[in-house]
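> Can you read through this structure? Questions will come right after.
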Amino acid sequence: MPDPVGFPGSVTVPLGDWLTALGEQSTIGVALLDGARVVFVNPALARLVGVPAERLAGLDVRGAAQLIDEGDRAGVAEWLRRRDEDPEAVLSPFEFRLAAPGGPPRWLSASGAWVQLGERRLRMAIVVDMTERRRVEEELRKSERQYRDLVETSIDGVLILQDGFIRYANPVARRALGSGDAGIVGRSFLEFVAPEALPRVIEIQRRRMAGETVPPRFESVVRREDGTRIEIEAGACHITFEGRPAVLLLTRDIGPRKQLEAEASRARNLESLATLASGVAHDFNNILTAILGNLAIVRMETGAAAQAGGPLAEPLLEVDQACQRARTLTDQLLSFSRGGVPVTRAVSVADVLRDVLGRALRGSRVRAEASIPADLWPAPVHPEELAEVLESLVVAAREASPADGVIEVAAQNVAPDAARDGRRAGERREVRVSVADHGAGIPPEQLERVFEPYGAKRSGARGLRLAAAYAIVRRHGGRMEVESQPGLGATFRVCLPAARPRTERPSRGAARAPAGRGGRVLLMDDDRSLLQPTASLLRRNGFEVETAASGEEAVELFRRRRDEGCGHDVVIVDLTVAGGMGGEECRRRLLDIDPAARVVISSGYSNDPLLVNYRKHGFAAAVAKPFRVQELVETIDRLLG
């Protein structure tokens, strides 16, 4: 009878039956070792290692180790060393890879125990295939890493709540609540909810726990550790966390979005206000034009009474100045309404400069020594922007000067090709204004950056002010220059193109009507209070004038007169006509009739880009309302000349 096999604490079975069971029934690899030599290998183990059983039987342990991946052999050797040191030890399973050149690794787990074979004591090695389990574990670890990376790098706050307490918070959530991980985990989420939002959050949680329908996302307010408040949008769902029910809470800071929405709302409100301001300015400019036109007629009709020293001279002058102040107001309204493409006009630089000096130095002990020639040329600028530029320079000089200092202001006309510091001034006439102080000067390293925002640190006035002034001057086709030496002060110069010289026509004086000139003018405007006085003044200046209240009427009248052989020399059209053909469409129709027609555009929207770039739109000239009739006369003369 075969020798029996016995396990400590087990029954004894015949060896033959036992080996048969290992060979035919087991899916686990089994080997028996007598000392260091393999004496039995079942078919399952042969399949696991990919070597026939007859080749494995008879191998010693060292030879069998060659079947193991080189990276794991040291671990197997250590496992065997511990076995040799303590033959009675029951060693824990050891996982290793089989050598598989060029192929995927195969993981096995080996454990051992002693068996008694008659008088012989053998070690049994039990080998299990761990490849699939290893693959699943690796996939799980990879999935967990991806999930954690996704959560940790999310732009939204992620919290896991159990029983209302925070069990996990990603970095965004921790920053949003103003605390480190240790300061959040374990605390109730309700601690961070603002008091006014608490009832709604509690109600939503109650309804969710009761299985009722709740909104997928809701807005709330949380308080950070430092007391600051954050508006959030939150969404929640039920999950299982560490084997227990939990709530996954996703939060997003909507403060920036709310701010943008508020700014967009303000922008819409401002846009509505701007539309109103634009309409008011347009209508107001029409009214001012009518007032100025009728004022000119009054001056002509009253004769000597309206002249200097006459009883009506001062009241009429006050009315005129009030109209100019109102014109400034409408310019500001239009700049506000459109963001401002200001229409330039010939402005007395001398008058603006005197006004700025009086205003900028009022209440200061610093005084100005000004040299402003009486014949200083005007410049084509926006008057308020010119005043802003000059005031920036005067204020900068005042702040750089000692308490009782003196600033020197000089203005001059510069003719074409006049020498300028050894260089040529160019082929244009210029108006030059210089402002000099006797302060500490500008350091050389800051001089090149003086027109950059905060490029020079002399004073607040020379922070943004000079940069803004520089931009304004450049926009007007001019330039700014600076000279300075440490301890000797600084001199700033503004150079602007001069306005074209006017051709004086004595016969076109405001006080008397000239002899007939014969120029035929067609004037179109839907505002009759403006149309009639303007037409009357043009007639007094020697023109033959016909009027039309709409674009359609103007086109028909222009065609009829052309067919009659007495066509109009100049057509002046209003840009916008309520309920009718406006200036642009009218121009197209007129040019279809006569491609050589001279069409002048006029508008109460005095900063409309079309008035600035009128030539690109096919107009011969542009006149912004409110205008004085003399401006209109000069425009017509220029076109007819």
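> Ranked highest first by average number of other Cβ atoms within 10 Å, how do 434-441, 615-622, 50-57 line up?
Top to bottom by mean Cβ count within 10 Å: 434-441, 615-622, 50-57.
> Say R0 is 25 Å: what FRET efficiency, to the nearest 0.05, do Asp34 and Arg135 get from their beta-carbon distance?
Efficiency computed from Cβ-Cβ geometry: 0.10.
> So for the pair Asp283, Phe218, with labels modelled 7 Å out along Cα→Cβ, what separation do we get in nm?
Here the answer is 5.0 nm between the modelled labels.
> Once fully extended, how much extra length lies between Leu190 and Glu301, figured as 0.36 nm per residue of separation less the alpha-carbon to alpha-carbon distance?
31.6 nm
> Can you tell me how much longer the chain between Glu408 and Glu261 gets when fully stretched, taken as 0.36 nm per residue apart minus their C-alpha distance, in nm with one decimal?
Value of the extension gain: 47.9 nm.
> How high is the FRET efficiency from Ser272 to Ser529, r the C-beta distance, R0 41 Å, rounded to 0.05?
It comes to 0.90.
> A follow-up question, please. For a quick protection proxy, order the peptides 137-144, 284-291, 213-220 by their average other-Cβ count within 10 Å, most packed first.
284-291, 213-220, 137-144
> So, one more: Each label point is 7 Å from the Cα along the Cα-to-Cβ direction; what then is the distance between the points at Gln446 and Arg500, in nm?
About 4.4 nm separates the two model spin labels.
> Next up: If R₀ is 41 angstrom, what is the calculated FRET efficiency for the pair Thr228 and Glu388, using the beta carbon separation as r and rounding to 0.05?
Using R0 = 41 Å, I get an efficiency of 0.55.
> If you filter region 545-611 for GluC sites (Glu not before Pro), then keep DSSP loop positions with at most 12 other Cβ within 10 Å, what is left?
Glu564
> Let me ask you something else. Calculate what fraction, in whole %, of the accessible area of region 520-561 sits on carbon and sulfur atoms when a 1.4 Å probe is rolled over the protein chains.
Its accessible area is 41 percent carbon and sulfur atoms.
> Compute the length gained on full extension between Arg615 and Cys237: take 0.36 nm times their separation in residues and subtract their Cα-Cα distance, giving the result in nm to one decimal.
Extending this stretch completely gives an extra 129.6 nm.
> Ok, one more. Give me the net charge for the shell around Glu212: Cβ to Cβ below 15 angstrom, other residues only, Lys and Arg +1, Asp and Glu -1.
With Lys, Arg at +1 and Asp, Glu at -1, the net is +3.
The values are calculated or read from the model by the stated rules, or taken from the named source; none is laboratory data. As the structure is a computational prediction, the values presented were derived from the model and not from experiment. Heads up, the Cβs are rebuilt from the backbone with ideal geometry, glycines too, and the neighbour counts pull from every protein chain shown. Only protein heavy atoms, including side chains, enter the accessible area calculation; ligands, DNA and RNA are left aside. Shrake-Rupley method; radii C 1.70, N 1.55, O 1.52, S 1.80 Å.
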